[in-house]
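Engineer: Below are the structure tokens for one structure; questions will follow.
Nothing in this text is a laboratory measurement; each read-out follows from the coordinates by a stated rule. Remember, predicted model here, so these are calculated numbers, not experimental data. Note: ideal-geometry Cβ built from the backbone for every residue, glycine included; neighbour counts use all protein chains shown.
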Amino acid sequence: MEQIRNQLRAIKSLAGPFPSFHVEEASERPYELFLEWLGGAIEHGVHEPHAMTLSTIDHDGTPDARVLILKDVDERGWYFASSLESRKGQQIACNPGVALTFYWPGLGRQIRIRGKAVSMAEELSAQDFLNRGAVARAIALIGKQSAILDKREDFEEAFEQQMNRISQTPDVVAPSWTLYRVEAQEVEFWQGNEERKHKRLRYRLDGEKWIKNLLWA
Ligand SMILES: Cc1cc2nc3c(=O)[nH]c(=O)nc-3n(C[C@H](O)[C@H](O)[C@H](O)COP(=O)(O)O)c2cc1C
């Protein structure tokens, strides 16, 4: 126990150097600043900059979280895709309130988004599905995401069946595959600083207008 405690304490966090964050020049709308920061992360070579944590709430109020891939961003929100039947799908159906979290260590940047997840039209979900590789499509076609798997062989068998199905009908779509959009109410940009003088800028939606505030670190 003491060993792991000491090892943890010896690991440096937020060592920098990090980019500066000119909060006074920040865009009026958070998705524009998000695109700017995402572009910076891609340019900087951040590993999987499109990986984000999606937090949801269970029917009894217990939180849950997992990592997903960001599929798109526009002025209306942040997009991800998953199965409607999965645990997260059921949680969202019961309570659409969600949060997204990005962390890009090399840049000392964290972005937190709070809002509600809205499922997109069937055609858009189908389009997203058909853009996935054959293996990912076969797995989604099995359609049991988050259900209990009795034994690994059951998966292999179901997988083979769905791969055959795809080769016979390449445009088959998993009916449960859903593209969701997270419509934000609040977006916070956090810029770490080597001297621990971190900067936080929060956008909150007030009617149609985004209100910006600095937050204490
Ligand atoms: C880097 C990474 C990317 C992932 N991307 C997705 C994704 O885009 N969609 C998805 O359904 N699951 C994705 N997963 C798997 C999820 O983390 C999770 O295991 C799965 O969706 C089941 O979650 P649930 O039981 O909470 O519904 C990803 C996992 C990792 C580590």
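Engineer: Would you please give the FRET efficiency between Asn6 and Glu157, computed as 1/(1 + (r/R0)^6) with r the Cβ-Cβ distance and R0 = 35 Å, to the nearest 0.05?
Structural biologist: 0.15
Engineer: Same structure again: Quickly work out the Ala134-to-Glu28 label distance, labels modelled 7 Å from Cα along the C-beta direction, and quote it in nm with one decimal.
Structural biologist: So the label points at Glu28 and Ala134 sit 5.0 nm apart.
Engineer: Taking segment 181-216, which chymotrypsin sites (Phe, Trp or Tyr not before Pro) meet the DSSP loop condition and have no more than 16 other C-beta atoms within 10 Å?
Structural biologist: Trp216
Engineer: All other residues with a Cβ under 12 Å from the Cβ of Glu25 taken together, and with Lys, Arg as +1 and Asp, Glu as -1, what is their net charge?
Structural biologist: Every neighbour counted, the sum reads -3.
Engineer: Ok, one more. Testing the spin-label approximation: label points 7 Å from Cα along Cα→Cβ at Ser167 and Asp150. State their distance in nm.
Structural biologist: Label-label distance for Ser167 and Asp150, simple model: 2.7 nm.
Engineer: Check cross-link reach from Lys199 to the lysines: straight Cα distance under 29 Å, and skip same-chain residues fewer than eight apart.
Structural biologist: Correct list for Lys199: Lys12, Lys71, Lys116, Lys209, Lys212.
Engineer: Further question on the same structure: I'd like the GluC sites (Glu not before Pro) in segment 167-217 restricted to DSSP loop residues with at most 16 other Cβ atoms within 10 Å, sorted by number.
Structural biologist: Counting only loop positions with at most 16 other Cβ atoms within 10 Å, the GluC sites (Glu not before Pro) in segment 167-217 are Glu194, Glu195, Glu208.
Engineer: Now for a separate question. Determine the calculated [θ] at 222 nm for the chain from helices alone, applying -39500 (n - 2.57) to every DSSP H run no shorter than 4 residues and normalising by the residue count; nearest 500 deg cm²/dmol.
Structural biologist: Only helices count here, giving -9500 deg cm²/dmol.
Engineer: Checking the a/c ratio against 1.5 first, then a/b against b/c, what shape does the Cα gyration tensor give for the chain?
Structural biologist: prolate
Engineer: May I pose another question? Just check segment 34-152 against the gyration tensor rule for me: Cα atoms, a ≥ b ≥ c as the square roots of the eigenvalues, rounded for a/c under 1.5, and otherwise prolate or oblate depending on whether a/b exceeds b/c. Kindly include the intermediate steps, with their values, before the conclusion.
Structural biologist: On the way: a/c = 1.62, a/b = 1.35, b/c = 1.20.
Judged from the Cα gyration tensor, segment 34-152 comes out prolate (a/c at least 1.5, a/b above b/c).
Engineer: While we're here: Is segment 1-64 best put as rounded, prolate or oblate by its Cα gyration tensor, with a ≥ b ≥ c the root eigenvalues, rounded for a/c under 1.5, and otherwise prolate when a/b is larger than b/c, oblate when not?
Structural biologist: oblate
Engineer: If you plug each phi of segment 154-164 into the Karplus form 6.51 cos²θ - 1.76 cosθ + 1.60 with θ = phi - 60°, what whole-Hz ³J(HN,Hα) values come out, in order, with x for Gly and Pro?
Structural biologist: Karplus values, whole Hz, x for Gly and Pro: 4, 5, 4, 5, 5, 5, 4, 4, 6, 5, 5.
Engineer: Return the single residue from Arg114, Arg204, Arg66 with maximal mean-square fluctuation; model: Gaussian network over the chain, springs between Cα atoms under 10 Å.
Structural biologist: Of the options given, Arg66 has the highest mean-square fluctuation.
Engineer: Find out how many positive minus negative residues lie around Phe129, taking Lys and Arg as positive, Asp and Glu as negative, among other residues whose Cβ is under 15 Å from that of Phe129. Could the numbers behind the result be given before it?
Structural biologist: Details: positive: Lys71, Arg132, Arg137, Arg165; negative: Asp72, Glu85, Glu122, Glu123, Asp128, Asp171.
Charge balance near Phe129 sits at -2.
Engineer: Report the local net charge at Glu75: Lys and Arg +1, Asp and Glu -1, summed over other residues whose C-beta lies under 15 Å from its C-beta. Don't jump to the answer; show the numbers that get you there.
Structural biologist: Numbers: positive: Arg29, Arg76, Arg181, Lys209; negative: Glu28, Glu32, Glu36, Asp72, Asp74, Glu183, Glu208.
Within the 15 Å Cβ shell, the charges total -3.
Engineer: Continuing with the same structure: Gaussian network model of the chain, Cα springs within a sub-10 Å range: biggest mean-square fluctuation belongs to which of Leu201, Leu54, Leu14?
Structural biologist: Maximum fluctuation in the GNM of the chain, among the listed residues, is at Leu14.
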